[in-house]
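As structure tokens, the structure follows; a few thoughts come after it.
Any read-out appearing in this document is the output of simple, stated calculations on the displayed coordinates, not a laboratory observation. All of these numbers come straight from a predicted model, not from anything done at the bench. Cβ coordinates were reconstructed from backbone atoms using ideal geometry, including for glycine residues, and neighbour counts include every protein chain displayed.
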């Protein structure tokens, strides 16, 4: 559903776009109307109304999440700076225009500069859209508030008609765990009943440990339970299915009809707004005493209550702990800037409307500073409330706090309701919270509706005596327009409007507002008008206002616009990516708010009676609302000439940001244990076709041992295991004096060595890690922006969909994806690489490769995405008859074994026995010729495996096709997990052998617009890949890398061309901008060429005409009464 001007009567019937005089719009008429329009009862009412409008839901549900994501307490620095650079300047500019003129935005901008007449209409369209969809949120809040009065909070139960079989109730889970003792027989709530951990884990091929973990014998590591089974919070199902009625609705399926409970709540919301503002500022001025102040009492009560809960202090500390390093990321400053626009409600016309009801001598300068700082402090205060509650929820659910942090509706309608369930007196705190959200939402809505009704009445003054009816009609029209958003699929329309109306479009409107004031109207005139209203500004303050209005704020607005547009991907909601045609509707919404500015400017130019420059100066209807003071008519005085370099500066800025912010996207896909021979099984038709049209190598030289964790970490870090310390999937650390499995310590051997996803994050990019080994942990406080832990229940196409959600994420689009798939490794261990089972799996992976390729095409990312397909190692077969029992070969000495077949670390309990055991094993190895044994000092240098802190004194390595005694335990687990009968001739899959064996070699092929087509390169080392990743992502390679950059040069297209391509685009953009600006200048001069000569004194800004300054020449000067009573004009005969 779209909205057009034909549906809005005050846009459909614009009577005349010319500047003909009419009494009702003349300054005299306008001044007469000011009395009828009414004024605020006092300055406090105005301040509270502005505060009520600016402090809204965004302060509670968006700012705390941004602070958490962008450095905690450190984020306050860029945010406060942006308050003074963008927020306060535009805020004060809008208050000045409204208070000085006493007019609504449409009239004010039409008079101050006719060429920018459309700015007022733009703000009207924006606030109309916002008011329509914003009330839908209030309807959700009202429904939650209603259900909060129930004896039992229904969002905590799984017994409702909308709940699925995977529904998870926190309350029920607490009941299930009452008698748990920390063993596999413990119970949790799963699929409607209490189920023991052992049965849950065994159904997924794992062993039960406790309520938090299962055990994977293949990787010899614990797997979090949340990665084994899928559970959906009851509060989440209540919001999406119980409230929204979403279920499986899409744009084209299951859209449904308006739902009764939402329609009723929507109607109640509009009725509340109507009764609060039906008499304009007279009634609203009284209501805001409650709506602006009461939320602070509730916030304070919530903070006091939350502070007494377990984990609250941890949550607050988590919120404010500064991460100073994140301030170096451009995205942090972009987030701070965009939040200012969202939070302050700028460029929507409401502030101009509010200020138009001020008395002329009101100190709106103080008001602007006070409200801006109060808005900032409220956001910070709300952060403490939110994170104290999140800390409590984290402690109650025994999960890291970052796993419960949410933003937007997810925080208000899922996370907080879930936390309330665990509080004493949950109904009380639910009622208080949602009542506060209702008040905050209504407060912001007042400003929007007041702006719409004021614009209508100012345009048709005869409607002023029917103000109540106008308000009622506006509310009813908005109610009807929002009805589609109460359908089952209505949230998709809501999301479109939210993404595209009050987001990027308002930045251009805000930019235009500041330009009109500082460049068109003139700073000297603006400062004089401020003084006319009785505000005295010191020199230092004047320097600030001139610098921000003329230069800093316009540049900042354009920079934020560029940041948002480069981050704005495909619209999505709850994992559903909108189709292209739906996204186009969203863009139409956004562009429709800018069309009036362009269309009306063209109409005004076509109908002009003078020069274009005349259209930039205020017309004769612009003037102060006060008529008793002595104010001069500035309509007859030309504005200062706008300097050409200003235009060029902004054209350049837009093009620089646009050309340089199209980040390359790199997707690294790893199929575990995929060996080259699988391509010859006639089940990889698409993958083979893709390979032969890509850059490919016969194989990669991986690192020793050819195990999963060592190789994936070498790919990610560009160094060998002896450097990064991940010597095996499990090992013994002699410094820590304990064995290590999959853990933080395993992947943090040297702090200076960081994976590629961390380097990308630290350079301002965003990384998405899909189950990649080692990506679960922070490195120097940094981790993947997007991360999905190892979870075999998520199928492969779902994983691809999640990856593209990360790439297209509105706030943090990922430019690096680390995509790990555990097959064909997992099943090859049990069934052997030659089995039919693996052939079927390889066929399935071929489908995944094709699906990924099609998704790139679907989202038109071919010109940005580069994909690297690889594996970590190959796989070979082993029969139990070829197992070597080392315990029978070492003599009567006691040892500990670490690792798994085919490489074991042997650590004697008495270190003095090392040589004795080594000698026995050497003799056996020379006799049997089935394995080799090394002291740590005799390990082959080509393995890069020497590490005394993590490699035992003796290392045994089996020859290809052989293994050690730990294989018996693995075979028993395979038998249990896959129902396999153990025989001596069963073929199991094994890897870890010498990386010189062909069957251990990984695959490699890559494609993308930076990568050559149909290109074969020589085999190279996996540690060389790090240079390839850096080249694609534009990162500076660290100096500790062990690979060879020369080995990857043949993969990329002309590398110098790649480096220069963006700069060439930039240069061409600057050239085009220069041509446009130059053309504009010459056209302007052409129109002025034959213009009558005007005395120079008329060009002086703010000069009051004085007959004594007129040259002594034979002319007749006759004073003529102006349409404004405080000024006079002159006719020159």
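Results, tabulated for the structure shown:
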{"quantity": "Peptides 977-988, 138-149 ordered by average Cβ neighbours within 10 Å, highest first", "calculated": "138-149, 977-988"}
{"quantity": "Efficiency of FRET between residue 253 and residue 792 - r from beta-carbon atoms, R0 22 angstrom, step 0.05", "calculated": "0.15"}
{"quantity": "Using alpha-carbon coordinates, inclination of helix 330-344 to the longest axis of the chain, degrees", "calculated": "40"}
{"quantity": "Reference-scaled alpha-carbon Rg (2.2 N^0.38 Å with N residues) for the stretch 878-990", "calculated": "1.11"}
{"quantity": "Estimated [θ] at 222 nm from DSSP helical runs (n ≥ 4, -39500 (n - 2.57)) normalised by residues in the chain, nearest 500", "calculated": "-14500 deg cm²/dmol"}
{"quantity": "Computed label-point distance, nm, for sites residue 935 and residue 965 using a 7 Å Cα→Cβ extension", "calculated": "2.5"}
{"quantity": "Rg(Cα)/(2.2 N^0.38 Å) for the chain, N = residue count", "calculated": "1.09"}
{"quantity": "Share of alpha-carbon pairs per 10 Å distance bin for the stretch 521-605, given as whole %", "calculated": "13, 25, 26, 21, 12, 3"}
{"quantity": "0 to 90° range, to nearest 10: angle between helix 836-858 axis and the chain longest Cα axis", "calculated": "20"}
{"quantity": "Fraction in percent of alpha-carbon pairs per bin - 5 Å, the stretch 961-1015", "calculated": "4, 13, 19, 13, 12, 12, 8, 5, 8, 6, 0"}
{"quantity": "Fully extended contour minus Cα-Cα distance, from residue 613 to residue 202, at 0.36 nm per residue", "calculated": "140.0 nm"}
{"quantity": "Separation between Cα centres of the stretch 788-858 and the stretch 666-743, rounded to whole Å", "calculated": "15"}
{"quantity": "Length-normalised contact order of the chain in % [C-alpha pairs under 8 Å, at least 6 apart]", "calculated": "16"}
{"quantity": "Net lengthening on full extension, residue 682/residue 150 (0.36 nm per residue, minus Cα-Cα)", "calculated": "185.4 nm"}
{"quantity": "FRET efficiency, 1/(1 + (r/R0)^6) with R0 22 Å, evaluated for residue 264 and residue 469 via beta carbons", "calculated": "0.40"}
{"quantity": "For the stretch 167-230, Kirkwood radius (reciprocal of mean inverse C-alpha pair distance, Å)", "calculated": "11.6"}
{"quantity": "Label-to-label distance, nm, for residues given as residue 480 and residue 978 (7 Å Cα→Cβ offset)", "calculated": "6.6"}
{"quantity": "Ranked by how many other beta carbons lie within 10 Å on average, peptides 722-735, 264-277 from highest", "calculated": "722-735, 264-277"}
{"quantity": "Mean projection area, nm², convex hull over Cα of the stretch 743-788", "calculated": "2.9"}
{"quantity": "Between the stretch 558-604 and the stretch 95-112, the alpha-carbon center distance in angstrom", "calculated": "27"}
{"quantity": "Shape metrics for the stretch 775-869, restricted to C-alpha atoms - Rg then Dmax, Å", "calculated": "15.4, 46"}
{"quantity": "Calculated FRET efficiency for the pair residue 178/residue 317, C-beta based, R₀ 22 Å, to 0.05", "calculated": "0.10"}
{"quantity": "Inter-label distance for residue 402 and residue 232, nm, one decimal - labels placed 7 Å from Cα along Cα-to-Cβ", "calculated": "2.7"}
{"quantity": "Mean separation of Cα contacts under 8 Å, 6 or more apart, over the residue count of the stretch 878-990: relative contact order %", "calculated": "39"}
{"quantity": "Rounded to 5, the percent of DSSP beta bridges in the chain classed as antiparallel", "calculated": "65"}
{"quantity": "Reduced Cα scattering model of the stretch 691-782, Debye log10 I(q)/I(0), q = 0.14, 0.25 Å⁻¹", "calculated": "-0.55, -1.33"}
{"quantity": "Residues 475, 176, 194, 1030 arranged by fewest to most Cβ contacts within 10 Å", "calculated": "194, 176, 1030, 475"}
{"quantity": "Between helix 504-515 and the chain: long-axis angle, C-alpha atoms, 0 to 90°, nearest 10", "calculated": "40"}
{"quantity": "Percent breakdown of C-alpha pair distances by 10 Å bin, ordered from the shortest bin, for the stretch 927-1010", "calculated": "13, 33, 31, 18, 6, 0"}
{"quantity": "Sorted peptide list for 849-856, 1006-1013, 350-357, criterion being average Cβ within 10 angstrom, highest first", "calculated": "350-357, 1006-1013, 849-856"}
{"quantity": "Rg and Dmax [Cα atoms of the stretch 259-361; Å; Rg one decimal, Dmax integer]", "calculated": "20.2, 53"}
